[in-house]
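Before any comments, here is the structure.
The values are calculated or read from the model by the stated rules, or taken from the named source; none is laboratory data. The structure presented is a predicted model; accordingly, all values stated were derived computationally and were not measured. Cβ sites come from the backbone with ideal geometry, for glycine too, and all protein chains shown count toward neighbours. The protein model used for the area step is the full one, side chains on, heavy atoms only, and it has no ligands, DNA or RNA in it. Shrake-Rupley method; radii C 1.70, N 1.55, O 1.52, S 1.80 Å.
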Amino acid sequence: MTIPLTDISNPPATDRTLLWQVTRNENPTPDAEREAILANPGFGQKFTDHMVDICWSEKGGWHRPRVSPYGPIELDPAAAVLHYAQEVFEGLKAYRHADGSIHTFRADQNAARLQRSARRLALPELPTEYFVDSIRRLVGVDGAWVPSAGETSLYLRPFMFAKEAFLGVRAAKKVAYYLIASPAGAYFAHGVQPVNIALAPNYSRAGKGGTGAAKTGGNYASSLLPQAEAYEKGCEQVLYLDGEYLEELGGMNIVLVRRDGSLITPESDSILEGITVKSILELAADRGLGIEQRPVTITEWRAGAASGEIVGAFACGTAAVLVPIGRLVADDFEIVHDGPEASELALSLREELTDIQYGRREDRHGWLTRLDAETPAA
Ligand code: PLP
Ligand code: COI
């Protein structure tokens with residue numbers, strides 16, 4: 001059954017009102033099965049009962065927003081995304097608080113980054129209110145999928161791709177935006193135990209003027225082979241360099257920790273601007289810790305680790321939250337951070353961040369958006 005709805009949840013400007021169609025899944029996952037999934041969600045393996053999509057065309061702009069049963073997407077074999085990878089995506093989470101309410105974290109930042117990524121990939125920019133509304137709509141019907149066990153959440157995956165059937169190489173005139181959701185536990189099976197990461201000097205993730213700062217599938221496709229090689233060396237992630245300069249890991253930003261508690265994170269226009277690292281740095285600055293966002297070389301890290309000036313490092317991102325880095329493995333050297341001081345500060349910042357996300361600590365920066373309160377009945 002299709003029920004047309006006027007958007008009343010977060011009224012946008014009149015010229016931006018979208019008429020939503022909501023089609024309920026008539027065969028939703030049985031409660032007991034859903035509860036079993038939520039008790040042990042893993043990462044990215046199971047999906048909720050519904051999804052959102054919004055169409056875009058050159059002539060009609062954004063139109064026909066829908067909530068429909070989760071299921072396969074029908075695509076023409078000539079759809080441009082399948083050939084030229086014109087695609088962008090996002091990742092954010094919905095958290096359940098102890099009182100049962102559901103909140104998301106800095107969704108406006110994800111909306112803005114999706115717009116920047118879209119611009120780089122010659123895709124249309126989805127207005128922030130449509131982005132946030134799509135999340136409200138999906139959580140409105142699939143709220144029961146937001147888990148409540150410690151450090152679990154509902155991972156939200158918005159994505160947009162070129163669906164026009166055309167083999168000429170130019171920006172597509174028909175595009176689709178989708179949002180799917182997947183209950184999530186820890187990204188790494190070992191939780192917050194330190195990860196080992198590998199240098200892959202023969203591969204680069206991004207080049208000057210390339211797509212490194214965009215969240216686009218191609219960046220991840222090219223990371224799969226280096227990551228598989230890193231696994232063979234006992235490492236779970238690859239640290240990419242630009243020459244001597246640190247960039248980031250395949251799916252996380254990197255931060256170095258100094259002896260005095262100050263933090264250094266690489267700055268470069270080919271790194272994805274992470275919302276987690278930005279938030280961690282803001283929390284550290286609130287504590288009066290020094291923050292440096294600047295170009296940083298592997299030699300500086302190596303020398304700092306040897307002299308005791310750099311006591312630790314950590315990786316952070318939405319999926320992984322924050323994990324200490326225990327070891328960097330290169331072909332001809334290793335950097336090891338195994339002292340207790342290596343992860344102490346990292347784990348305390350992690351705790352502060354997750355306390356805010358899960359409503360255990362005051363949201364003094366106003367980072368949370370409540371999703372369940374104003375959701376219109378579907
Ligand atoms: N860098 C890359 C390549 C990523 O895929 C991610 C994950 O989204 C991040 C950094 C961290 O970004 P965020 O903290 O916004 O999730
Ligand atoms: C995220 O952290 O949201 C990402 O997109 C990273 C990916 C490796 C899961």
Checklist entry - Using the Cα atoms as the points, what is the convex hull volume per residue of the chain in Å³? => result 147 Å³
Checklist entry - Suppose R0 equals 25 Å; then what is the FRET efficiency for SER57 and LEU82 from their Cβ-Cβ distance, rounded to the nearest 0.05? => result 0.85
Checklist entry - Taking Cα centroids, how far is segment 24-85 from segment 258-337 in Å? => result 36 Å
Checklist entry - How many percent of all Cα-Cα pairs in segment 195-342 sit more than 29 Å apart? => result 10 percent
Checklist entry - Using the Karplus equation 6.51 cos²θ - 1.76 cosθ + 1.60 (θ = phi - 60°), what ³J(HN,Hα) coupling, rounded to whole Hz, does each residue of segment 190-198 give in order, writing x for Gly and Pro? => result 8, x, 9, 4, x, 9, 9, 10, 10
Checklist outcome for this item: Ordering TYR177, TYR84, TYR358, TYR231 by the accessible surface of their heavy atoms, 1.4 Å probe, largest first, yields TYR231, TYR84, TYR358, TYR177
Item to check | Gain in span if fully extended, THR23 to ILE291, counting 0.36 nm per residue against the direct Cα distance | outcome: 91.7 nm
Checklist entry - Distance in nm between label sites at ARG302 and ARG370, each 7 Å beyond Cα in the beta-carbon direction? => result 5.4 nm
Item to check | Solvent-accessible surface (1.4 angstrom probe) belonging to SER222, in square angstrom, nearest 10 | outcome: 60 Å²
Checklist entry - If packing is taken as the mean number of other Cβ atoms within 10 Å per residue, what is the order of 150-157, 56-63, highest first? => result 150-157, 56-63
Checklist entry - What ranking do 232-240, 64-72 get when scored by the average of other Cβ atoms within 10 Å per residue, highest first? => result 232-240, 64-72
Next on the checklist: Connecting C-alpha atoms closer than 10 Å in a GNM of the chain, tell me which of GLY185, GLY288, GLY312 has the biggest fluctuation.
Outcome noted: GLY288
Next on the checklist: Quick check on segment 273-313: what are the equivalent-ellipsoid semi-axes from the Cα gyration tensor, as sqrt(5λ), descending, whole Å?
Outcome noted: 22, 13, 8
Checklist entry - Mind checking the alpha-carbon convex hull of segment 33-103 and giving the volume per residue in Å³? => result 161 Å³
Checklist entry - Structure shown: which of LYS163/LYS278; LYS46/LYS173; LYS173/LYS278; LYS46/LYS93 lie over 26 Å apart, alpha-carbon to alpha-carbon? => result LYS163/LYS278; LYS46/LYS173; LYS173/LYS278
Checklist outcome for this item: In deg cm²/dmol, rounded to the nearest 500, the helical mean residue ellipticity at 222 nm of the chain, built from -39500 (n - 2.57) for every DSSP H run of length 4 or more, is -7500 deg cm²/dmol
Item to check | Nearest-0.05 FRET efficiency for VAL336 and ASP260, computed from C-beta distance (R0 25 Å) | outcome: 0.75
Next on the checklist: Using only the alpha-carbon atoms, what does segment 94-202 span along each of its principal axes? Please give whole angstrom values in decreasing order.
Outcome noted: 49, 44, 23
Checklist entry - So which residue, out of ASN253, ASN27, ASN110, gets the largest mean-square fluctuation from a GNM of the chain using Cα contacts under 10 Å as springs? => result ASN27
Checklist outcome for this item: Across the alpha-carbon set of segment 283-370, Rg over Rh with Rh taken as the Kirkwood radius works out to 1.03
Next on the checklist: Filter the chain for me: DSSP H helices, axial length by Cα at least 30 angstrom, mean Kyte-Doolittle hydropathy not below 0.0. List them by residue number.
Outcome noted: none
Next on the checklist: Give me the percent relative contact order of the chain, please, defined on Cα pairs under 8 angstrom at least 6 residues apart.
Outcome noted: 18 percent
Next on the checklist: Distances longer than 24 Å among the Cα atoms of segment 21-160: what percent of all pairs is that?
Outcome noted: 35 percent
